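Remarks on the structure that follows.
The values are calculated or read from the model by the stated rules, or taken from the named source; none is laboratory data. Keep in mind that what you see is a predicted model, and the values were worked out from it rather than measured. With ideal geometry, Cβ positions are generated from the backbone for all residues, glycine too; neighbour counts draw on all protein chains shown.
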Amino acid sequence: MITAATPSAQVQAAPYAARVGMAGAGQLARMTFQAAADLDVRMQVLAGTADDAAVRAGAPYRLGPPDDLAALRTIARSADVLTLDHEHVPIQVLERLVADGHVVRPGPRAVRLAADKLHARRDLQAAGFPVPRFAEVHDVAGVAALAERTGWPVVVKARGGGYDGRGVHVVRDVHEAAAVLAAGGAWLAEEHVDLGSEVSVLLARRPGGETAVYPLAETTQVDGICRELTLPALLDPQLELDARELGIAIAEHAGVCGVAAIELFVTTGGGLLVGELAVRPHNSGHATIEACRTSQFHNHLRGILDWPLGDPGLRVPAAAMVNVLGAGDGRTTSRLPRALAVPGAAVHLYGKAERAGRKLGHVTATGPDPQAALQIARAAASELQGA
Ligand SMILES: Nc1ncnc2c1ncn2[C@@H]1O[C@H](COP(=O)(O)OP(=O)(O)O)[C@@H](O)[C@H]1O
Ligand SMILES: [Mg+2]
């Protein structure tokens, strides 16, 4: 007797629309994973621990540090494209993966511009982009020599490994410079720019060069860490145009693929200088989830997969985002209902263990103008921070 196979045995699992691997499993990977679910993209992440933000949200993962070539190879083998949620994968490891025939987007050249601040300053200056006056420094004499040209204070920066202002030090004299350099490592020093404001040019780019540019965002940093942002930035129209053009030109020069953010300093004199470059979804783009027609996370996937990019335009008049930093009392997430009670606040928590000052989430609000949105986002963030 011939028995028919049960219907379920005949049903084949649908193929995924695409498969992406991501090095890193923090909040950027977590939010990219949410977008991946929308598009039926299978996404696997390289996680430092099983508690990482993207893993908590359900992303398939392998455990390993950012320089784990074997783990990255395994992820890359089962992915169409390998991408990044941070810039801490060593360039040689990325180059190795490319040499093995894997598609790595963004590529090593773009990542190096984001990972090595001294290389970025040199490369962008040589290409004619406006950067602050800077010098590689090995000792206090080097910092003092730069200060002779620029005056004090001077900004001493770690070449790599820093984020959220870690690795960025404003020093007022040789004694403060000595205290910073005593930590060891590779440093550069640059002039302390008189900042009128800081803006971020967020964009997404396909391998062939098609680019979608988001409206400029104005960011506010406290102690080097982004605290809040308003969208759109209210700049003089010519300055806005110049900033956009500068961002696009740098992204082209870097050969960016996927989302990139070009942080720009607007000087008190109204000039533009390059702050730094990030070649992945960026904190300055979180508000695009609620405020724009296509979020940065969707457009990152679309860019790296060489799919048509989505409209980056605003779908509301204005928006604001406030980062939620750990209050240090371990009760940030238990205050969630209080934040949710603020009308109009879109609260995002990353599932990260609390440490004072650590980014645990963000709040976005939209409104008729940036300041109105900012009041709402601030109110909800304050509730979470117990302020
Ligand atoms: N040369 C500078 N002059 C004035 N402020 C600076 C300078 N460089 C950095 N900063 C301030 O420090 C912040 C963090 O610097 P950045 O290089 O972006 O480091 P990170 O990688 O930690 O974000 C900037 O957003 C800006 O507010
Ligand atoms: Mg920065």
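May I ask you to list the residues in segment 88-106 that are closer than 19 Å to residue 204 by Cα and touching a Gly at 6+ places or on another chain (Cβ under 8 Å)?
105, 106 - these are the residues of segment 88-106 that are closer than 19 Å to residue 204 by Cα and touching a Gly at 6+ places or on another chain (Cβ under 8 Å).
Among (1) surrounded by fewer than 17 Cβ atoms within 10 Å (Cβ to Cβ); (2) away from ligand 1 (no atom under 16 Å from the Cβ); (3) among the aliphatic types (A, V, I, L, M); (4) part of a loop (DSSP other than H, G, I, E, B), which single condition is residue 235 missing?
Condition (1) is where residue 235 drops out.
So residue 130 clears everything in (1) touching a residue at least 60 places away in the same chain (Cβ under 8 Å); (2) in contact with a Gly (Cβ under 8 Å, 6 or more places away or on another chain); (3) within 30 Å of residue 67 (Cα to Cα) except one condition, right? Which one?
Unmet for residue 130, out of (1) touching a residue at least 60 places away in the same chain (Cβ under 8 Å); (2) in contact with a Gly (Cβ under 8 Å, 6 or more places away or on another chain); (3) within 30 Å of residue 67 (Cα to Cα): (3).
Could you figure out which of (1) surrounded by fewer than 14 Cβ atoms within 10 Å (Cβ to Cβ); (2) under 20 Å from residue 221 (Cα atoms); (3) not basic (Lys, Arg) isn't true of residue 330?
(2)
Report every pair of residues separated by at least 6 positions or lying on different chains whose Cβ atoms are under 9 Å apart, first residue within segment 304-331 and free of Cβ contacts under 8 Å to residues at least 60 places away in the same chain, second among the polar types (S, T, N, Q).
Close Cβ pairs satisfying both conditions: 315/366; 316/366; 317/366; 326/332; 326/385.
When only residues in segment 205-226 that are crowded, with 16+ Cβ neighbours inside 10 Å and within 28 Å of residue 171 (Cβ to Cβ) count, which is farthest from ligand 2 (Cβ to nearest atom)?
This residue is 218.
Return the residues of segment 42-75 that are buried (at least 24 other Cβ atoms within 10 Å of the Cβ) and not charged (D, E, K, R); say none if nothing qualifies.
The answer is 43, 45, 46, 47, 53, 54, 72, 75.
If you check 301, 246, 305, 264, which single one turns out to be within 14 Å of ligand 1 (Cβ to nearest atom), under 25 Å from residue 112 (Cβ atoms) and out of contact with any His (no Cβ under 9 Å at 6 or more places or on another chain)?
Exactly one of 301, 246, 305, 264 is within 14 Å of ligand 1 (Cβ to nearest atom), under 25 Å from residue 112 (Cβ atoms) and out of contact with any His (no Cβ under 9 Å at 6 or more places or on another chain), namely 264.
Output the residue which, of all residues in segment 199-232 that are under 22 Å from residue 315 (Cα atoms) and among the hydroxyl-bearing types (Ser, Thr, Tyr), is farthest from ligand 1 (Cβ to nearest atom).
Checked segment 199-232; the qualifying residue farthest from ligand 1 (Cβ to nearest atom) is 211.
Restricted to segment 142-180, and to residues that are in a loop (DSSP other than H, G, I, E, B) and charged (D, E, K, R), which residue is farthest from ligand 1 (Cβ to nearest atom)?
Here the answer is 173.
For segment 99-118, how many residues meet the condition of being free of Cβ contacts under 8 Å to residues at least 60 places away in the same chain and within 16 Å of ligand 2 (Cβ to nearest atom)?
2
What are the residues in segment 52-89 that are of a type in the set (A, V, I, L, M, F, W, C), closer than 21 Å to residue 278 by Cα and not in a helix (DSSP H, G or I), if any?
81, 82, 84, 89
Is it true that residue 276 is acidic (Asp, Glu), touching a strand residue (DSSP E or B) at 6+ places or on another chain (Cβ under 8 Å), farther than 21 Å from residue 34 by Cα and modelled with pLDDT of 95 or more?
yes
Any residue in segment 19-40 that is out of contact with any Asp or Glu (no Cβ under 9 Å at 6 or more places or on another chain), surrounded by fewer than 22 Cβ atoms within 10 Å (Cβ to Cβ) and assigned to a loop (DSSP other than H, G, I, E, B)?
Within segment 19-40, one or more residues are out of contact with any Asp or Glu (no Cβ under 9 Å at 6 or more places or on another chain), surrounded by fewer than 22 Cβ atoms within 10 Å (Cβ to Cβ) and assigned to a loop (DSSP other than H, G, I, E, B).
Matching residues to (1) farther than 23 Å from residue 247 by Cα; (2) of a type in the set (Ser, Thr, Tyr); (3) at pLDDT 95 or above:
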| position | (1), (2), (3) |
| --- | --- |
| 112 | no, no, yes |
| 126 | no, no, yes |
| 129 | no, no, yes |
| 134 | no, no, yes |
| 138 | yes, no, yes |
| 147 | yes, no, yes |
| 156 | yes, no, yes |
| 159 | no, no, yes |
| 165 | no, no, no |
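Do we find that residue 296 is touching a His at 6+ places or on another chain (Cβ under 9 Å), of a type in the set (S, T, N, Q) and within 27 Å of residue 385 (Cα to Cα) in this structure?
yes
This table checks each residue for (1) surrounded by 24 or more Cβ atoms within 10 Å (Cβ to Cβ); (2) among the acidic types (Asp, Glu).
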residue: 291; (1), (2): yes, no
residue: 297; (1), (2): yes, no
residue: 306; (1), (2): no, yes
residue: 309; (1), (2): no, no
residue: 319; (1), (2): yes, no
